[in-house]
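Q: Let me begin by handing over the structure; questions about it come next.
The values are calculated or read from the model by the stated rules, or taken from the named source; none is laboratory data. For clarity, every value in this text was computed on a predicted model and none was experimentally measured. FYI the Cβ positions are ideal-geometry reconstructions off the backbone, even for glycines, and counts take in every protein chain you see. Side chains are part of the model used for accessible areas, which takes the heavy atoms of the whole protein and leaves out ligands, DNA and RNA. Shrake-Rupley method; radii C 1.70, N 1.55, O 1.52, S 1.80 Å.
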Amino acid sequence: MIQKEVLDSILSFCQIKHPNEGILILKGKSKNGEITINGLVIPPFSEAGPTFAGFPHSFLPFDMSYVGIVHSHPSGSAEPSVTDLHNFFGLVSMIVQSPYDENSVFAWDRNGNQIPHSII
Ligand SMILES: [Zn+2]
């Protein structure tokens with residue numbers, strides 16, 4: 001589940017970063033396998049281009065509220081790339097496709113399986 005205002009912030013962030021990828025850390029909580037996303041953190045030292053976005057995980061403080069990452073695919077598919085799965089962080093990886101509306105958002109688990117998500 002993702003809060004509407006968090007989703008809106010993600011979508012506008014991705015629009016600003018276009019045509020480059022944008023990347024953000026998802027904050028939230030996980031309870032009984034249900035993940036609720038309620039905030040965002042801009043990762044330190046992030047790098048991004050048209051086909052990649054990342055940051056060194058070693059600079060992150062240990063924070064249990066970091067539940068995953070969201071990044072955009074300005075021209076790619078909504079599916080995570082091999083690199084995305086290799087750099088998986090946390091519990092969920094959200095990918096936002098152009099044109100960055102509410103139907104452009106997809107959530108994936110560590111194995112590359114799609115996770116259903118709802119807006120609250
Ligand atoms: Zn990607």
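Q: Which percent of the accessible heavy-atom area of the chain goes to carbon and sulfur, probe 1.4 angstrom?
A: Numbers: 3570 of 6660 Å².
Its accessible area is 54 percent carbon and sulfur atoms.
Q: Please give the calculated 222 nm ellipticity per residue for the chain, where each DSSP H segment of at least 4 residues contributes -39500 (n - 2.57) and the sum is spread over every residue; nearest 500 deg cm²/dmol?
A: Details: 2 runs with 19 residues, N = 120.
Rounded to the nearest 500, it is -4500 deg cm²/dmol.
Q: Also, I was wondering about something else. Using 0.36 nm times the number of residues separating SER118 and LEU85, minus their current alpha carbon distance, what extension gain do you get?
A: Working: separation 33, 0.36 × 33 = 11.88 nm, distance 2.23 nm.
Fully extending the segment from SER118 to LEU85 adds 9.7 nm.
Q: Still on this model: Once you've got the GNM for the chain with C-alpha springs shorter than 10 Å, pick whichever of GLY54, GLY76, GLY68 has the biggest mean-square fluctuation.
A: The residue that fluctuates most here is GLY76.
Q: Out of all Cα-Cα pairs in the chain, roughly what percent, to the nearest whole number, are more than 23 Å apart? Please list the in-between numbers first.
A: Numbers: 1393 of 7140 pairs.
Cα-Cα pairs in the chain separated by more than 23 Å: 20 percent.
Q: Do any chymotrypsin sites (Phe, Trp or Tyr not before Pro) in segment 32-120 lie in a DSSP loop with no more than 11 other beta carbon atoms within 10 Å, and if so, which? Walk me through the intermediate numbers first.
A: On the way: sites: PHE45, PHE52, PHE59, PHE62, TYR66, PHE88, PHE89, TYR100, PHE106, TRP108; in loops: PHE45, PHE52, PHE62, PHE88, PHE89, TYR100.
Loop-located and lightly packed - PHE45, PHE62.
Q: Given the options ILE35, ILE23, ILE69, which has the most mean-square fluctuation in a GNM of the chain, springs set between C-alpha atoms less than 10 angstrom apart?
A: ILE35
Q: Something else about it: Compute the FRET efficiency between ALA78 and ILE16 as 1/(1 + (r/R0)^6), taking r as their Cβ-Cβ distance and R0 = 25 Å, and round to the nearest 0.05.
A: 0.80
Q: Counting only DSSP beta bridges with both residues in the chain, tell me the antiparallel percent, nearest 5. Intermediate values should be presented prior to the final figure.
A: Numbers: 20 of 28 bridges.
Antiparallel bridges make up about 70 percent of those DSSP assigns within the chain.
Q: Follow-up question, since we're still on this one. Between ASP63 and GLU5, what is the label-to-label distance in nm when each label sits 7 Å out along the Cα-to-Cβ direction?
A: 1.8
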